[in-house]
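Data block below; observations after.
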C-alpha cells in the first residue's frame, strides 16, 4: 500500500506549514500531512521548519526569542499553533506526522496530544507523553 505524505502541507501553492497549506494537501488527496514544530519563547508549539522567520516571513527574528503574541503580530496570524493543526487533523481525519525539534530550548505546557483530544487542549491519560528529543546517538554526527 502506498501512502501520500504531504511534506509541510502543499508548499507549492501556499506557504509551508500554514493552515492553507495543510488544507490544500488534504484537498489534493494526502493520506498524511507532515509538519514541523518550533517553540516560542513562552513555550507555545507552532508550525515552522526554520529557526527564524526570515525565509518565509521576511523577518530576521528567531522563533524562540518571540512570544506567541509577538509571532502572531509579525506574521499577521499566518503561523498556526500546533493546537490548530491538531484540531484540523481531527476534523479532516487526516493524521499529522509531527516533526519535533531534537532539543527544544523551552518546555511546552503540553507536549503531545493525539488529534482526537485536541478540542479539549488536554491529553487523555492514555496519550500523555513526555517531551523528549527525537535524535538518537546514531543520527548525531
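Readers should treat all values here as calculations from the given coordinates under stated rules, not as data from a laboratory. Here the structure is a predicted model, which is why all the values come from computation and not from measurement. Every residue, glycine as well, gets a Cβ built from its backbone with ideal geometry; the counts of neighbours run over all protein chains shown.
Points worth noting:
- Full extension of the segment from residue 2 to residue 91, taken as 0.36 nm per residue of separation minus the current Cα-Cα distance, would add 29.7 nm.
- Placing pseudo-labels 7 Å out from each Cα toward the beta carbon at residue 41 and residue 13 gives an inter-label distance of 3.7 nm.
- One chain, two ends: residue 74 and residue 62. Fully extended at 0.36 nm per residue, the span grows by 3.1 nm beyond their Cα-Cα distance.
- FRET efficiency, residue 55 to residue 83 (Cβ-Cβ, R0 30 Å, nearest 0.05): 0.80
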